[in-house]
Amino acid sequence: MLCLGIETSCDESALALVEDGRLLDECLHSQEAVHALFGGVVPELASRRHLTSLPFLLARLLERTGRNIHDVQVVAAARGPGLMGSLLVGMGMAKGLALSLNVPLVGVNHLHAHLLAAGLEQDIVFPALGLLVSGGHTHLYRVISPSEFELLGRSLDDAAGEALDKTASMLNMPYPGGRFIDALAAMAEPDPRMFPRPYLDNKNLNFSFSGLKTAVSLHLAKHPHLRLPRLPDNEALMSWARKNPEICTVCASLNWSIVEALRIKIERELDLGYPYRSLIAAGGVAANSMLRGILRKTAEQRSLPLILPSATLCTDNAAMIGYMGWLLATAGWSHDLNVEAVPRGKPIPWDYHVQCARLDSSCTRN
């Protein structure tokens with residue numbers, strides 16, 4: 001079964017072809033340079049860029065894979081959460097293709113797709129404890145199967161990636177800055193006393209990073225010399241950091257505070273005794289080197305397989321959309337053309353229709 005995946009939830013335009021659970025290829029257009037001028041994603045610009053780039057990406061994808069558009073048997077698109085205008089562009093394309101090709105349409109939960117992305121590279125053992133950590137979300141899930149997700153905890157305000165990116169902005173680093181924080185953090189040892197480990201004086205599994213962001217802001221107000229004099233390129237940034245090791249300590253300490261908050265909540269859930277068989281991390285911040293190291297140590301201590309996607313599958317991509325679309329379509333789940341995009345902040349309903357899966361003709365319609 002050949003599934004076309006479409007990802008337009010934020011500022012990455014991406015298309016991918018997944019066949020029988022295997023990624024054939026992906027074409028992506030990054031809008032990073034455009035939004036860097038504004039220090040963040042401008043929703044109207046993002047949706048317009050999606051509109052102009054998707055047709056070219058589709059033509060390039062088909063050419064690179066040697067496939068014809070009529071070979072596509074399922075069309076899957078990210079339906080949310082995300083920027084509404086961006087989501088509508090991708091969903092509009094998906095509906096048009098599904099209608100014209102007379103193939104099933106699958107609207108994919110972008111967050112769930114992140115958690116299953118590693119399935120393109122390795123087997124995922126269920127049930128799994130899933131940590132989704134990105135610029136917009138910090139969620140903890142019990143992943144029972146590819147179609148069963150139980151939300152255990154979430155960020156009550158700012159996500160972990162938001163704290164990293166906003167700190168980078170306060171330091172006058174290039175956008176998006178989370179990866180630069182990680183790079184500089186690797187050059188120093190963290191000071192555990194510099195910043196608090198946020199939102200741990202409780203018994204729940206939720207997260208909160210707005211207070212940490214405030215603590216960083218207050219620290220930088222007392223140490224204005226830490227702010228870069230101008231926005232440098234990558235080489236200039238690293239050179240400046242080597243001459244100013246204090247900034248590396250700040251980055252390492254921030255990284256440590258965030259990673260510790262994530263680790264403690266993961267340990268808190270594991271201590272409850274649910275029979276998890278693996279630990280998954282996903283989302284853009286899952287590429288963070290300190291977080292990956294701590295998760296490896298935690299998984300080893302608990303004798304759990306750690307499932308980490310490669311760096312390219314951590315960020316927003318169409319491969320994960322195509323993969324989850326393929327999984328759902330194979331199980332017989334699909335949408336009709338009335339499926340709606342769902343913006344950030346609203347729950348995504350489980351409103352699939354049950355149809356006979358192509359790999360199993362003995363299905364029952366519910």
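The values are calculated or read from the model by the stated rules, or taken from the named source; none is laboratory data. Only a predicted model underlies this, so the values are computations on that prediction, with no experimental measurement involved. Neighbour counts run over all protein chains shown; Cβ positions are idealised from the backbone, glycine included. Areas reflect the complete protein model, heavy atoms only, side chains present, ligands, DNA and RNA absent. Shrake-Rupley method; radii C 1.70, N 1.55, O 1.52, S 1.80 Å.
Number of residues in region 209-226 that are open to solvent by 20 Å² or more (accessible area, probe 1.4 Å) and under 23 Å from LEU132 (Cβ atoms) equals 3.
Would region 277-285 turn up any residue that is surrounded by fewer than 21 Cβ atoms within 10 Å (Cβ to Cβ) and without any contact (Cβ under 8 Å) to a residue 60 or more places away in the chain? Looking for residues that are surrounded by fewer than 21 Cβ atoms within 10 Å (Cβ to Cβ) and without any contact (Cβ under 8 Å) to a residue 60 or more places away in the chain, one finds none in region 277-285, hence no. Within region 238-262, residues that are touching a residue at least 12 places away in the same chain (Cβ under 8 Å) and charged (D, E, K, R) have Cβ atoms under 7 Å from residues that are open to solvent by less than 10 Å² (accessible area, probe 1.4 Å) and part of a helix (DSSP H, G or I) in these pairs: GLU246/LEU226, counting only partners at least 6 apart in sequence or on another chain. Say whether the condition of being part of a loop (DSSP other than H, G, I, E, B), over 19 Å from the mean Cα position of the chain (by Cα) and among the aliphatic types (A, V, I, L, M) is met by at least one residue in region 238-255. Checked region 238-255: no residue is part of a loop (DSSP other than H, G, I, E, B), over 19 Å from the mean Cα position of the chain (by Cα) and among the aliphatic types (A, V, I, L, M). For the residues PRO224, PRO245, the requirement of being assigned by the TED database to the domain that holds MET194 and more than 15 Å from SER169 (Cα to Cα) singles out PRO245.
Among the residues of region 105-143, those identified as closer than 26 Å to ASP165 by Cα and in a helix (DSSP H, G or I) are HIS110, LEU111, HIS112, ALA113, HIS114, LEU115, LEU116, ALA117, ALA118. Reported count of residues in region 16-65, each being in a helix (DSSP H, G or I), closer than 25 Å to ALA168 by Cα and open to solvent by less than 20 Å² (accessible area, probe 1.4 Å), is 2.
Within 27 Å of the chain's Cα centre (by Cα) and open to solvent by 40 Å² or more (accessible area, probe 1.4 Å): is that true of ASN172 in this structure? Walk me through how you get there before you give the answer.
Numbers: within 27 Å of the chain's Cα centre (by Cα): yes; open to solvent by 40 Å² or more (accessible area, probe 1.4 Å): no.
No: the conditions fail for ASN172.
Residues that are at pLDDT 90 or above and in a loop (DSSP other than H, G, I, E, B) were ranked within region 168-191; the one that is nearest to GLU32 (Cα to Cα) is LEU171. Considering (1) closer than 30 Å to THR167 by Cβ; (2) open to solvent by 40 Å² or more (accessible area, probe 1.4 Å); (3) modelled with pLDDT of 95 or more, the lone condition that ASN102 does not fulfil carries the number (1).
Note on region 66-99: among residues that are charged (D, E, K, R) and not in a helix (DSSP H, G or I), the one that is most open to solvent (accessible area, probe 1.4 Å) is ARG67. Residue-level check: of (1) touching a Ser or Thr at 6+ places or on another chain (Cβ under 9 Å); (2) free of Cβ contacts under 8 Å to residues at least 24 places away in the same chain, GLU121 misses just (2). In region 126-144, how many are open to solvent by 10 Å² or more (accessible area, probe 1.4 Å) and either modelled with pLDDT of 95 or more or charged (D, E, K, R) (or both)? The qualifying residues number 6. Scanning for something within 24 Å of the chain's Cα centre (by Cα) and over 24 Å from CYS3 (Cα atoms), does region 47-54 turn up at least one residue? Yes, some residue in region 47-54 is within 24 Å of the chain's Cα centre (by Cα) and over 24 Å from CYS3 (Cα atoms). Can you tell me which residue within region 290-333, out of those that are within 19 Å of the chain's Cα centre (by Cα) and aromatic (Phe, Trp, Tyr), is surrounded by the most Cβ atoms within 10 Å (Cβ to Cβ)? Looking at the filtered set, the residue picked out is TYR323.
Of the conditions (1) of a type outside the set (Asp, Glu); (2) in the same structural domain as PRO190 (by the TED database); (3) modelled with pLDDT of 95 or more, TRP326 fails just one. Which one is it? With (1) of a type outside the set (Asp, Glu); (2) in the same structural domain as PRO190 (by the TED database); (3) modelled with pLDDT of 95 or more applied to TRP326, the lone miss is (2). Pairs are defined by a Cβ separation below 7 Å, a sequence spacing of at least 6 or placement on different chains, a first member in region 153-170 that is outside the structural domain of LEU262 (by the TED database) and within 17 Å of ALA282 (Cα to Cα), and a second member that is crowded, with 17+ Cβ neighbours inside 10 Å and modelled with pLDDT of 90 or more; no pair meets this definition.
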